[in-house]
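The structure under discussion appears below in the form of structure tokens.
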DNA sequence: CCCACATGTGAGAGCGCTCTCACGGAGAGC
DNA sequence: GCTCTCCGTGAGAGCGCTCTCACATGTGGG
């Protein structure tokens with residue numbers, strides 16, 4: 001037989017079920033049964049079909065299949081986040097990997113959809129509402145996002161990553177932001193620190209609120225003072241600024257819990273500028289466990305999030321949801337965090 | 001009219017072309033024409049159809065459309081890279097964003113496919129070979145990957161990100177690694193440095209080789225000594241180790257070009273340990289321009305890669321390729337890098 | 001007045017698959 | 001020997017769309 005033509009772009013038309021059936025001397029229905037693993041096929045027919053499939057290089061046409069089954073076997077991961085930074089963060093990467101693993105194992109494909117701007121929303125709504133995906137994993141970190149409600153309305157099985165602050169009652173998977181923050185602050189207290197400040201994140205989404213709540217939890221009956229709470233926007237700069245403010249307002253502080261590693265890095269710089277030694281004068285704990293945390297001087301004690309596991313759980317939950325929409329199940333799933341102690345506290 | 005039922009999971013069957021046609025009192029063909037923007041429709045018919053579409057919330061069924069058009073309007077981004085780290089890097093994120101922008105503008109969807117392990121390859125090959133995507137953007141950083149050849153064989157329009165070291169003659173888009181390295185080293189020489197060392201990356205893929213070539217280019221007729229070249233694996237640790245080696249082999253060196261920012265950070269640490277001041281005693285330049293580069297002390301002078309632009313160009317090239325496979329065009333596209341000077345050199 | 005031609009429209013085929021249904025034959029039970 | 005199952009199989013409908021083709025109508029030129 002002749003070698004496959006080397007000419008790129010000349011796509012030999014792909015064989016159809018019909019052709020496989022002809023080659024295997026059986027009917028289209030039998031080939032379909034073999035392809036889909038039906039037990040109702042004789043060993044001989046099965047063998048003949050398998051040979052034909054192998055020989056002709058048959059791959060099922062997904063469009064035709066979807067048309068009749070009303071499934072696409074693909075799950076959309078919608079990233080509704082204007083900030084570019086999502087990709088730089090291990091958070092996103094971990095979720096993609098976890099979800100990808102789980103979905104691949106179930107024979108589904110991950111379709112990545114970005115909704116960066118307001119205008120993208122329409123496109124995404126139409127895409128999902130139009131049934132291009134069987135289900136949705138939604139990464140929407142900020143407050144008043146219309147997409148959750150839109151998906152709920154369209155009746156598309158949806159799982160949200162990160163507990164939504166309010167709104168649509170969709171199932172979610174989140175990490176234990178509150179518990180992680182509590183652990184971090186408790187650890188600082190156990191180390192004998194008494195004036196524990198915090199650089200909190202923005203309070204317009206759940207993680208920011210929860211991490212601040214965790215801080216309060218840990219302080220418990222002890223009084224905490226307003227002057228020991230500053231707010232940042234997760235970035236390094238904002239952390240540096242916030243730390244400078246804190247030092248001014250409460251010069252006697254001896255520990256800081258920053259709600260992100262980047263803010264912790266900023267805080268580190270502000271502390272250095274102010275001549276405070278870390279951890280001797282001021283102990284510092286971050287949140288996220290970025291690679292960066294190992295590279296600072298001193299290396300950062302921080303709270304690690306199980307991002308891969310989160311992606312995996314989101315995927316597995318949405319698959320279950322698509323399978324049996326009405327089975328009883330918990331609305332949310334909270335995954336534990338872990339305190340990683342290094343040199344900064 | 002009644003409010004939409006709040007019961008999640010109860011998907012009202014989506015309206016079909018047929019129903020829209022009935023509602024608008026025209027034929028299926030006319031609705032199709034309106035949907036697809038044909039000019040051969042009277043204003044009245046168009047208006048009636050648009051009203052019906054609006055009213056019924058019609059969204060075309062993509063499976064049915066694909067079945068007849070033989071297009072899926074989705075482009076696969078295949079990440080063939082076992083290393084988990086891809087996601088943490090701005091490289092990947094930039095490409096995704098650039099490609100996503102460009103494809104969205106062209107009405108295409110980005111389908112993300114991960115091929116982490118050897119076993120995934122089969123799955124991916126079948127997926128793409130099976131025509132689930134109209135074209136492929138391939139991110140395959142390491143040497144002997146069978147996927148490029150497989151896609152070429154299948155005749156699927158494919159663009160590779162990063163110039164392949166060898167193998168299949170597929171079109172590619174890359175950043176000017178060689179030129180970037182050359183610029184960095186030239187800059188060091190212009191600053192009066194005479195003993196310029198380099199920490200090169202792995203030589204099993206193109207970027208690593210090119211950055212080392214750029215180093216050699218800049219040194220030009222000047223002799224460079226083997227003892228001033230060390231190799232790392234892009235990671236921080238490897239950079240620290242390589243720097244320590246370099247200091248041992250060539251204690252008089254007064255500048256270092258590291259082929260990645262992470263290695264530069266490692267080098268920074270090694271230099272500090274050795275008591276060398278940066279940039280006073282030893283000037284240091286990295287490559288990548290990670291966020292990290294602004295956070296070190298001193299901040300890192302480094303080479304920035306136009307990753308978003310690269311994603312955009314890859315997408316636009318693959319779209320052109322899918323459109324007119326045989327139009328004459330350059331095989332590769334090299335995008336310029338930019339030297340960002342900060343404090344380390 | 002008839003023909004040529006452009007223009008908007010609808011009928012209908014068919015994309016490649018799944019799945020229901022009916023059918024023939026083999027084996028079991030009477 | 002006859003019916004009754006059960007099993008493997010094939011015929012055929014139909015998923016929702018696009019697109020070709022033919023048709024009706026309107027317009028202008030000979």
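The values are calculated or read from the model by the stated rules, or taken from the named source; none is laboratory data. Bear in mind the structure is a predicted one, so any value in this text is a computation, not a measurement. Positions of Cβ are generated from backbone atoms using ideal geometry, with glycine treated the same way; all protein chains shown enter the neighbour counts.
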> Does any residue of the stretch B:287-310 turn out to be at pLDDT 95 or above, in a helix (DSSP H, G or I) and more than 15 Å from residue B:247 (Cβ to Cβ)?
Replying inline: yes
>> Anything in the stretch A:30-67 that is more than 9 Å from DNA strand C (Cβ to nearest atom) and within 11 Å of chain B (Cβ to nearest Cβ)? List them, or say none.
In response: A:57
> Give me the pairs: first residue in the stretch A:15-29 and outside any helix (DSSP H, G or I), second residue near DNA strand C (Cβ under 8 Å from one of its atoms), beta-carbon distance under 6 Å, and six or more apart or on different chains, which are they?
Replying inline: A:15/A:58
>> Quick check on this structure: which one of B:154, B:105 is farther than 22 Å from residue A:114 by Cβ and out of contact with any strand residue (DSSP E or B) (no Cβ under 9 Å at 6 or more places or on another chain)?
In response: B:154
> When the stretch B:146-169 is examined, which residues are found to be over 23 Å from residue B:312 (Cα atoms) and modelled with pLDDT under 80?
Replying inline: B:166, B:167
> Out of the stretch B:15-29, which residues are surrounded by 18 or more Cβ atoms within 10 Å (Cβ to Cβ) and within 9 Å of DNA strand C (Cβ to nearest atom)?
Replying inline: B:21, B:24, B:26
>> For the stretch A:189-199, which positions are on the phi < 0 side of the Ramachandran plot and surrounded by fewer than 23 Cβ atoms within 10 Å (Cβ to Cβ)?
In response: A:189, A:190, A:191, A:193, A:194, A:195
>> Which numbered condition in (1) free of Cβ contacts under 8 Å to residues at least 40 places away in the same chain; (2) more than 30 Å from residue A:136 (Cα to Cα); (3) out of contact with any strand residue (DSSP E or B) (no Cβ under 7 Å at 6 or more places or on another chain) is the only one that residue A:235 fails?
In response: (2)
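Is it true that residue B:55 is modelled with pLDDT of 90 or more, assigned to a helix (DSSP H, G or I) and more than 12 Å from DNA strand D (Cβ to nearest atom)?
Yes: the conditions hold for residue B:55.
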>> Looking at the structure I just gave you, is residue A:278 part of a loop (DSSP other than H, G, I, E, B), touching a residue at least 40 places away in the same chain (Cβ under 8 Å), more than 13 Å from every other protein chain (Cβ to nearest Cβ) and in contact with a strand residue (DSSP E or B) (Cβ under 6 Å, 6 or more places away or on another chain)?
In response: yes
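Tally up the residues in the stretch B:74-84 that are touching a strand residue (DSSP E or B) at 6+ places or on another chain (Cβ under 8 Å) and either within 11 Å of DNA strand D (Cβ to nearest atom) or more than 10 Å from every other protein chain (Cβ to nearest Cβ) (or both), please.
So the answer is 4.
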>> Condition check: without any contact (Cβ under 8 Å) to a residue 24 or more places away in the chain and either under 30 Å from residue A:63 (Cβ atoms) or buried (at least 24 other Cβ atoms within 10 Å of the Cβ) (or both). Does residue A:121 satisfy that?
In response: no
>> The conditions are (1) free of Cβ contacts under 8 Å to residues at least 12 places away in the same chain; (2) closer than 21 Å to residue A:140 by Cβ, and residue A:169 fails exactly one of them. Which is it?
In response: (1)
>> Just the residues that are outside any loop (DSSP other than H, G, I, E, B) and under 17 Å from residue A:108 (Cβ atoms), please, taken from the stretch A:316-332.
In response: A:316, A:317, A:318, A:319, A:320, A:321, A:322, A:323
>> Just to be sure before I move on: is residue B:313 in contact with a strand residue (DSSP E or B) (Cβ under 8 Å, 6 or more places away or on another chain) and within 14 Å of another protein chain (Cβ to nearest Cβ) in the structure I sent?
In response: no
> Scanning for something at pLDDT 90 or above, part of a helix (DSSP H, G or I) and more than 9 Å from DNA strand C (Cβ to nearest atom), does the stretch B:68-86 turn up at least one residue?
Replying inline: no
>> I want to confirm something. Restricting to the stretch A:150-163 and keeping residues that are away from chain B (no Cβ under 11 Å) and under 22 Å from residue A:207 (Cβ atoms), which single residue is surrounded by the fewest Cβ atoms within 10 Å (Cβ to Cβ)?
In response: A:163
>> Just to verify a result, which residue in the stretch A:123-142, among those that are in contact with a helix residue (DSSP H, G or I) (Cβ under 9 Å, 6 or more places away or on another chain) and assigned to a loop (DSSP other than H, G, I, E, B), is farthest from the other protein chains (Cβ to nearest Cβ)?
In response: A:141
